[in-house]
C-alpha cells in the first residue's frame, strides 16, 4: 500500500510539473507574440483569455491547479513545493533546445542546484502530518 | 514598481498555497478518479472556504505575475518570486505543523538558491 502511495505521489508530481511548465510556456509565448493584451474590462478579459495561445496556457494552468490540489490532499506542502520546482529545470532545457536561448554557466549551476534540492526532498516521506486515508483504511 | 508586484506575488502565493493545503487536508485524500466522483469532489471544494479564498489569492498572484512580465524580463520575474518557496516552507512548519526535516530544509534552500541563480 505504501509503494502504491509512493507511485501515485510520483505520478501526480510529474503531472503537476509538466502541466505547469507547458502552461507557463504557452502563456509566455502568447504574451510575447503580441496576439493578446491584458485589459481589465469584461470584454478585454474575455478577448485576452480566448486568444489561442493564452487559452491553451490557461487551460494547462487550470489542469496544473487541479492536479496540484489533488496532490496536496495527501502530500505535505513542504514536499510538493521543492519536488515540483524541477519544472524550472525543464523550462531552462526547453528554452535551450527548442527556443535556441543561450544558457549561461550560472543558469546551468542553478539548474544543478534545483535538481539536487528536488532529489533531496524527493527522498523524504511525502507525508508527515499523519497517516493518509488510504493507509488508515488499510490498517 | 516591479518590486511591488514581486511583494504582491510572494504574499498572495504564500497565503494561497497555505490555505489551499489546509482546505485539501480538511477535505481528505482523493483516491477515486472516476468522472462522477471528481464532480462530487469539485462540488465539495466549491463549498470549502479555505479552497475558495486560496483560489482568489492564486488569481491575484496570476494577474500580478502577468503585470510583472509586462515591466520585467522573465529571467527576473521567475527567480524573484522564488522567495515564496522559503517563506512557504516556514509556514508549512509553523502553521501547517508539518515535520520539516533537515534534509527537507536543505532541499528547499538548494532549490531557492538555484532559482535565484537562474536570474544571472
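Bear in mind these aren't lab numbers, they're just calculated from the coordinates by the rules spelled out. Here the structure is a predicted model, which means the values were calculated and not measured. Heads up, the Cβs are rebuilt from the backbone with ideal geometry, glycines too, and the neighbour counts pull from every protein chain shown.
Among the candidates B:36, B:59, B:43, the residue that is within 18 Å of the chain's Cα centre (by Cα), without any contact (Cβ under 8 Å) to a residue 24 or more places away in the chain and either more than 7 Å from every other protein chain (Cβ to nearest Cβ) or closer than 29 Å to residue A:106 by Cα (or both) is uniquely B:59. Among the conditions (1) surrounded by 24 or more Cβ atoms within 10 Å (Cβ to Cβ); (2) closer than 28 Å to residue B:42 by Cα, the only one that residue A:58 does not satisfy is (1). Filtering the range B:70-120 to residues that are outside any loop (DSSP other than H, G, I, E, B), more than 19 Å from residue B:9 (Cα to Cα) and more than 8 Å from chain A (Cβ to nearest Cβ) leaves B:94, B:102, B:105.
Scanning the range A:90-114 for residues that are buried (at least 17 other Cβ atoms within 10 Å of the Cβ) and facing chain B (nearest Cβ under 8 Å) yields A:91, A:92, A:107, A:110, A:111, A:113, A:114. Restricting attention to the range B:13-33, the residues that are more than 10 Å from chain A (Cβ to nearest Cβ), more than 16 Å from residue B:95 (Cα to Cα) and in a helix (DSSP H, G or I) total 0.
Out of all the residues in the range A:41-64, which are in a helix (DSSP H, G or I) and touching a helix residue (DSSP H, G or I) at 6+ places or on another chain (Cβ under 7 Å)? Hits for the range A:41-64 are A:48, A:49, A:53, A:54, A:55, A:56, A:57, A:58, A:60, A:61, A:63, A:64.
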